[in-house]
Structure formats: structure tokens, C-alpha cells
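Visitor: What follows is a single structure, and I will ask about it in a moment.
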Amino acid sequence: AIEAVRSGATRFVPATWEKTYFNWMENIQPWCVSRQITWGHRIPAWYGPAVIDKKITLSLGLGSSSSSLIDVQTFVGLDENAVAEAAAAYYGGSHLLGVIHFAEGAEEALRKNLDAFQKGEQRVYLFREDDVLDTWFSSALWPFGTLGWPEQTTELARYYPGDVLVTGFDIIFFWVARMMMQGIHFMGEAPFATVYCHGLVRDAKGAKMSKSRGNTIDPLALIDRYGADALRFTLTAMESQGRDIKLDERRVEGYRNFATKLWNAARFAQSNGIGGSRSAEPPTAQAPVNRWIIGEVVATARALDAAVVAFRFDTYAETIYAFVWNRFCDWYLELTKPLLAEGADAAVAAETRAVAGWALDQILVLLHPVMPFLTEELWGKLAPRDHDLIIAAWPVTGPALIDTEAAADIDWLIELIGGIRAQRLETGFNPADKIPVCPTGATQAQVDRLNRNVVAIERIARIQPAKIDMSTKGETTSWGVEIVPRFEIVRDIEKTSFVTAQFLAGGMTLVAFTQGFIDLAAERARLEKNAASAEKERDALAGRLAAPGFVERAKPEAVDKARADHAARAAEAERLRAALARLG
């Protein structure tokens, strides 16, 4: 069993647990296999009277427990036939096989042996040990005992040895090592190729759960509150190799919200005529946003494949979470709304429904291992199916399915819209207002991109193309602004303090018409005040961290908090100063 791990025939993941395995195996101690419990493999030992000075003793049993036996002989065998043969040989030879009998317990054996002695009959009664083998001994037989061993069954030939054992590190010796020893002894090879050791589930502060401490977490109570899928996803997301799980109920609640997000996305799909797909192959697509989401699904499936191979279940959960929440729900569905709206091109709308249905199906397949109940429910509701989700085909991940041109276009669009949204909020614009803008620091290729996506930009970023007439500029006269259907580059705009602000997004500068939308003076005062406050806190925290002895004497958690607060205040000050600069 030691050599199997040293040679790499069986490996531990993480590999650091090999040290624990070797420590046990190379310093092995005597092991009491006897237990007094109700269930288990009964110890295959039988007792009979011992032969002393060529005479059979009759002091067999001073009670019902084998621990009180004296002057007894122990026989061990696979069954009563083997034991009878061993006993006959002990008592005088195989010709005495017929005199060996079995009694129910020590008292009955003593009584019957006394009776045979008094009558001068050749009869010897044996009785079996009442104790059972300890739980770990029985568990050690699991890899082959469950498959019909010692019979050479079809299941044993097919499923032994197994591939991956998933277990806790705290039972590496009690279970893993003993399965290795038993498997190699009885089957001739190690029972599994990989041993994946997960962490222990602890409370939110990292303490081991204990009834006496009162910090136990009832999983059934969490399931009642948040659902089985939310709890399952939480444990998957927090299963980081080599680390225990600090189970915080707020994380479970957050993943319940994720489940709700997916449910609402499916409802949105149904309300827009989007159903399930008929094939694991993606539909043909022409619209950039549809070509983009096909590539995103394929890239996500590849990342999930890699995470499973590396036993990074936390990465699996994080990857599918980010894709579903951000890429699919927040961006793809939002970007497709103009394509599905009344009056949109019918062919593009039909293509979008087909691609959206396919993408949603692939999400259900990819998410099913970590959220089986929700995904199975949605699988049945989105379309009539001829098979359950658990046997659905895994997504196709061919390289030709990733359209790099569409990916670059949509990723740029997402960056642009995200940047504008954030800067609008920082600069004080009302989220509902549609702000007139025109590009000034931009290339013609960037402006062409703007115009290819003008509908989505107007709808999501809440800006609209504008042409600014500078002929009436002045300190008391507002510039003329004309709303136009397409973006056009405007060169050398001369800003005035009350007319324009800047959005820096998508690698370009967009000048926004501010008059009538925000009070520039009040907004400048607000930003200046908040920036000064953030800088004051930043500098105070910097001084605290630089003070002699603070880092050495303070508690580690206090130092970590001070550093985190300093980084947050510094970032906030930088962001507010940038917003001020955009106002001119």
C-alpha cells in the first residue's frame, strides 16, 4: 500500500496529504478489531474446550462474554466447515470431523459439552464470538465487497479498481489506508487511482462544530430556508483544495438569489417565445451578439472541463456563476431585447430565440452537477423532452465555435456600456435620463462600432447620439444640441464649465451635454467634499500603518483590516478625483 502511493499508482489530491498517509503507514500500531455494536461483520472466530495434558477441559465459559473464557481453544475460518476441519484436526484428526458441533453461545456449549462428557459420548461443541469487526475493518472491504466478492462477478470485473475516491482528510488512515491494504491483499491491485481529500465543514468563524459549543449548523434547516441547491452550490464554491469550509449562512442566501436569477431568466425567455433547444450543436447565427454568446458558452464549458480534471470544484462553481449571472443574464439577455422587440427584423428575432434557447439549455447542462433540482425543473418546463437532463449531451467545445471577431466587438461594447454606467453614477446623472453625447477622442473604426450597436447603447447606457452646434457658445448661452440617428466625430470641442462633461470608455472620449441634467457647481462641491474626506481617511490609515510597532504589536486581524480600509479609501479618492476631472 505504501509502494502504490510512492510509485504514483494511487495519488492524493492535494498531494500534501501523502505525508499524512505515510506517517500513519510507516508508524503503524496494533489495531483492536473487536467491537461491541449491533451491526457489523461478526468476527469469524469460534471457541472450543482446550486440550491440556491430553485432556479436554470442561471449564468452558464463566459467563456469556468471550472475555471471561479460560482454557479455551480458538478456531478461525471463513465458515463453519473450515472451522470444523480445524477443530477435528486439533482434537485428534480429520476422522473426528463428525463429532464437531456448534452451539448458540458459551453457556449452551458448556452445558452440552458437560452432558457429552457425563454420557461418555464423543461430541465437542463450539460457539462463535459475539463481537463484530470494527467499522473501519468492514469499510475497508467496501471497494470490492459491494461488488459481489468473493464471487468473481461481472460487476467486480467491471468496476474494480475504481477511479476516484472522495473523502475527508481526517480518515486517511482509518478508511483510505485500510481500503488500500485490503484491496491490494484480496484483489491484487490498489482500489482507486486518485484520492481526493476535501476540507471539513466548520462554522462561520472556522471553529469545528460541536454540540457543547452550540455552533452546529443543521443542513436540513438551511435546506428548508434556502433550498438544497443553494446549500450544495455553497459547499461546491467554498471547496478550495487544502482548506476547510467556513460555512456562513449569508453565502447560502446569496446562492439562493443566484438560483432565483436563473429562474427569472428562464421566465423572461418563455415570455419572449424562447424555449428549449433540439440539439447540443449551436444554431447558425449571424448577429454578433448571438455569435458571441455561442463562443462564451463553449469557452465556459472548456473552463469547467479543466476545473473538473484539476479537482478545482470551487473554480467550477465560480466560473458557471460568473457566466450565468454576468455574461448571460446581465448582458446577453439585455443586449437581445432590441432584437426581440416588436418591429425588429423577423429573421434576426427567430435566430436570437433559437440561440438563446440553446444557450439556456447548455447552462442547465453545465449547472446540473451543482444545482440538480432547479435545473431539472427548468429543463422540463422549457420544452417537451424525450430524456431527463442527467443524461443530456455535454456541450460541444470545438474551436470553430468561438468567433473572435464577434467576441472582440461585444466585449468592447460591454466595456463601453459598463464604463458609461459607472461614470454616469459618479457624475450625478439621473439613471433614467438619456444623455446627449458625441465622440471627440475616437477613431473612425470606434465610431463605426458605436453605430453598429447604437440601439443597444441607447437602451442600456442611456445615452444618445448628438450633434453640438458651437456657433452660439458663450458663458451665458448654451450650445445648441441636435439629436441625430448616428454618432459622428466632433473635433476640437471647446468645453465651458457649464456645458460639457466627459465619459472615458471603450478607449475613447465621449463629450456629454450636461445643461439641464445636472447642477455642475453642486456636483463639483459634492465630489470635492467626498474626495477630501476619503483622502483624509486614507492618509490617517497610512500614518497608522507606518507608526512604529503597530504591525508588530497589533492583532493580525486589526492589521489586515487597516490595510484593507486604506486600500479602499485610496481607491475611492482616486475615483472621485477622476470624476471631478471629467467635469472639467
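Visitor: Can we say Val324 is in contact with a Leu (Cβ under 8 Å, 6 or more places away or on another chain), under 28 Å from Asn257 (Cβ atoms) and buried (at least 19 other Cβ atoms within 10 Å of the Cβ)?
Guide: Working: in contact with a Leu (Cβ under 8 Å, 6 or more places away or on another chain): yes; under 28 Å from Asn257 (Cβ atoms): yes; buried (at least 19 other Cβ atoms within 10 Å of the Cβ): yes.
Yes.
Visitor: Please tell me if Asn290 is closer than 16 Å to Leu333 by Cβ and open to solvent by less than 40 Å² (accessible area, probe 1.4 Å).
Guide: Numbers: closer than 16 Å to Leu333 by Cβ: yes; open to solvent by less than 40 Å² (accessible area, probe 1.4 Å): yes.
The answer is yes for Asn290.
Visitor: Let me ask you something else. Could we say that Ala534 is buried (at least 17 other Cβ atoms within 10 Å of the Cβ) and either at pLDDT below 75 or not in a helix (DSSP H, G or I) (or both) here?
Guide: Judged against the criteria, Ala534 is not a match.
Visitor: Can you tell me which residue is modelled with the lowest pLDDT among those in segment 327-347 that are of a type in the set (A, V, I, L, M) and open to solvent by less than 40 Å² (accessible area, probe 1.4 Å)? Quick ask: steps written out before the conclusion?
Guide: Keep residues of segment 327-347 that are of a type in the set (A, V, I, L, M), which gives 333, 335, 339-341, 344, 346-347.
From what is left, the residues that are open to solvent by less than 40 Å² (accessible area, probe 1.4 Å) are 333, 335, 340, 344.
Working: Leu333: 96, Leu335: 95, Leu340: 93, Ala344: 89.
Ranking the qualifying residues of segment 327-347, first place goes to Ala344.
Visitor: Just checking, how many residues over segment 380-411 are open to solvent by less than 40 Å² (accessible area, probe 1.4 Å), within 20 Å of Val298 (Cβ to Cβ) and of a type outside the set (Val, Ile, Thr)?
Guide: Counting residues in segment 380-411 that are open to solvent by less than 40 Å² (accessible area, probe 1.4 Å), within 20 Å of Val298 (Cβ to Cβ) and of a type outside the set (Val, Ile, Thr) gives 7.
Visitor: Could you list, in sequence order, all residues of segment 107-149 that are touching an Asp or Glu at 6+ places or on another chain (Cβ under 9 Å) and of a type in the set (A, V, I, L, M)?
Guide: Once the filter is applied, which keeps residues that are touching an Asp or Glu at 6+ places or on another chain (Cβ under 9 Å) and of a type in the set (A, V, I, L, M), segment 107-149 yields Leu126, Leu147.
Visitor: I've got another one for you. Identify, by number, the condition in (1) on the phi < 0 side of the Ramachandran plot; (2) buried (at least 17 other Cβ atoms within 10 Å of the Cβ) that Phe311 doesn't meet.
Guide: (1)
Visitor: Any idea which residue in segment 170-214 is farthest from Glu18 (Cα to Cα), counting only those that are touching a Gly at 6+ places or on another chain (Cβ under 8 Å) and open to solvent by 50 Å² or more (accessible area, probe 1.4 Å)?
Guide: Glu189
Visitor: Still on this structure, please answer the following. Being among the small types (Gly, Ala, Ser), in contact (Cβ under 8 Å) with a residue 12 or more places away in the chain, open to solvent by 30 Å² or more (accessible area, probe 1.4 Å) and in contact with a strand residue (DSSP E or B) (Cβ under 7 Å, 6 or more places away or on another chain) narrows it down to one residue among Gly419, Gly428, Gly441; which is it?
Guide: Every option except Gly441 fails the conditions.
Visitor: Go through (1) surrounded by fewer than 23 Cβ atoms within 10 Å (Cβ to Cβ); (2) under 29 Å from Gly418 (Cβ atoms); (3) among the charged types (D, E, K, R) for Asp361 and report which single condition fails.
Guide: Unmet condition: (1).
The values are calculated or read from the model by the stated rules, or taken from the named source; none is laboratory data. Here the structure is a predicted model, which is why all the values come from computation and not from measurement. Counting neighbours? That spans all protein chains shown, and the Cβs are built from the backbone with ideal geometry, glycine included. These accessible areas exclude ligands, DNA and RNA; they are computed on the full protein's heavy atoms, side chains included. Shrake-Rupley method; radii C 1.70, N 1.55, O 1.52, S 1.80 Å.
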